[in-house]
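**Student:** After the structure tokens below, expect a handful of questions from me.
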Amino acid sequence: MKLRALAAVAALSVSALVAVPALADGRLVVTLEKPVLAKTKIVAGGAVFVCEDAACVATSAPSRALSVASCKALAKEAGRVSAFGGDAKALAAEELERCNASAKAA
């Protein structure tokens with residue numbers, strides 16, 4: 001009986017450890033000031049953004065990807081950013097200004 005209880009606790013512990021990283025990933029959406037010329041993939045902040053027209057989307061981004069540093073890396077490749085965020089949080093106007101200081105020239 002103790003062995004079964006121990007096995008159940010161990011199984012729950014392992015499943016909790018596996019589930020935690022999945023909860024840390026989220027969707028990020030970026031709006032560009034000007035559309036990209038062709039569909040492009042850009043890696044920034046550990047996330048893979050797929051850019052098409054004036055939108056870049058990372059469907060499974062780690063929490064560290066929602067940062068000015070990630071925004072700067074994306075802006076260097078895709079151009080100026082007008083919005084950068086996820087479901088719960090987005091970069092503020094002053095953060096977008098810092099981001100766009102690194103933007104690719106038009």
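The values are calculated or read from the model by the stated rules, or taken from the named source; none is laboratory data. As the structure is a computational prediction, the values presented were derived from the model and not from experiment. No Cβ is skipped: glycine too gets one built from the backbone with ideal geometry, and neighbour counts run over all protein chains shown. The accessibility values were calculated without ligands, DNA or RNA, using every heavy atom of the protein model including side chains. Shrake-Rupley method; radii C 1.70, N 1.55, O 1.52, S 1.80 Å.
**Student:** Determine which single condition Val36 fails, assuming it passes every other condition in (1) open to solvent by less than 60 Å² (accessible area, probe 1.4 Å); (2) closer than 14 Å to Ala83 by Cα; (3) touching a strand residue (DSSP E or B) at 6+ places or on another chain (Cβ under 6 Å).
**Tutor:** (2)
**Student:** Within segment 1-35, track down each residue that is of a type in the set (Val, Ile, Thr) and modelled with pLDDT of 95 or more.
**Tutor:** Val29, Val30, Thr31
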